[in-house]
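The values are calculated or read from the model by the stated rules, or taken from the named source; none is laboratory data. What you see is a predicted model; the values in this text were computed from it and never measured. All Cβ positions, glycine included, derive from the backbone under ideal geometry; neighbour counts span all protein chains shown. What goes into the accessible areas is simple: the full protein's heavy atoms, side chains included, and nothing from ligands, DNA or RNA. Shrake-Rupley method; radii C 1.70, N 1.55, O 1.52, S 1.80 Å.
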Amino acid sequence: MSAATTRSRTARTPVPDRLCAEAVDLARAAAEEAAAPGVVGEHVAVVSEGDRVVTHFFECEEPGYRGWRWAVTVARASRAKNVTLDETVLLPGSDAILAPEWVPWSERLRPGDMGPGDLLPTEADDIRLEPGYTGEDEPPPNSAVSEVSQEMADLVDAEDAELTTRPATTSRGSIAAVADELGMRRARVLSRYGLHAAADRWDEAFGAKTPMAQAAPASCVTCAFLVPLAGSLRQAFGVCANEFGPADGRVVSLSYGCGGHSEAAVMPKPPKPAPHALDTMQVDEYPLRPARDSGSVPAEADAPTEDLGHS
């Protein structure tokens with residue numbers, strides 16, 4: 001083995017200093033001082049950190065910290081025989097139980113996590129949103145709108161000069177103010193990316209590839225319970241209004257379907273019974289003697305029966 005190879009291996013893995021490696025009792029005392037009583041376990045390893053710098057590792061017996069180790073680093077000065085304490089820390093081992101990697105709240109948030117009183121702020125450059133009118137609050141220079149805006153602003157300043165504080169509002173004549181007067185009060189609307197992202201979520205939940213739609217007798221596009229949406233999403237989605245359907249009140253794809261389709265199974269009308277041939281609900285009157293004006297008996301009585309020899 002060459003001298004160069006020996007020097008390179010020595011530089012990579014320095015041999016632990018003898019006095020520092022033997023200072024196990026000093027390291028244990030430091031670990032027990034930092035930890036609770038009975039938490040520091042057996043001595044498991046010695047690692048050289050550099051010239052006359054050694055780290056002693058002890059098992060951690062504290063519940064909930066399986067696989068963790070107490071690391072105590074000791075060192076000594078050059079040509080000194082006294083070993084001093086450098087650092088004490090609790091470190092995870094190779095099989096330690098670790099918490100999951102921290103994720104920002106904006107990435108941890110999932111649908112349905114918001115509750116009453118919660119606020120969900122949106123970033124100014126949110127890719128799901130875009131300006132509701134033009135994206136610019138100021139009109140182009142040298143335009144009629146720009147001139148009118150400046151004149152009205154000067155007039156407002158002259159009329160309200162006596163006011164010391166005024167609420168922050170959009171300047172009159174600006175595009176934002178005009179949009180507000182026209183009823184376009186939304187400063188931002190969904191961008192094309194936001195529309196596509198919403199469409200993908202809705203189609204995944206109530207779309208043509210769901211098991212319910214695969215077994216449905218017909219699609220929602222022909223169902224009377226479908227309430228169409230407004231805007232560009234009208235071409236692909238609607239809201240289900242069937243209280244007995246699985247998607248009642250949900251946005252569904254036009255290709256979605258369920259067993260509650262309005263035209264899938266129309267119940268037949270109950271058969272109408274035929275009229276009775278004999279009216280059994282009316283009472284017929286049958287007189288004991290025929291009426292005198294019926295023509296079946298004479299109006300006058302016959303001669304006395306005695307004349308004929310009858311008694």
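Tell me the carbon and sulfur percent of the accessible area for region 44-103, rounded to whole percent, probe radius 1.4 Å.
Heavy-atom surface of region 44-103 belonging to carbon and sulfur, 1.4 Å probe: 50 percent.
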At a probe radius of 1.4 Å, what is the per-residue accessible area of Tyr65, in Å² to the nearest 10? 90
Rounded to whole Å², per residue accessible area for region 73-112 with a 1.4 Å probe reads 85
Pop a pseudo-label 7 angstrom from the Cα along the beta-carbon direction at both Ala197 and Arg234 and give the gap in nm to one decimal. 2.6
Please list Arg52, Arg192 in order of solvent-accessible area, largest first, computed with a 1.4 Å probe with all protein chains present. Arg192, Arg52
Rg/Rh for region 26-97 to two decimals, with Rh computed the Kirkwood way over all alpha-carbon pairs. 1.01
On a 1.4 Å probe surface of the protein chains, which of Thr73, Thr122 comes out largest in accessible area, and what is the full order? Thr122, Thr73
How would Ser48, Ser78 rank on accessible area, largest to smallest, probe 1.4 Å? Ser78, Ser48
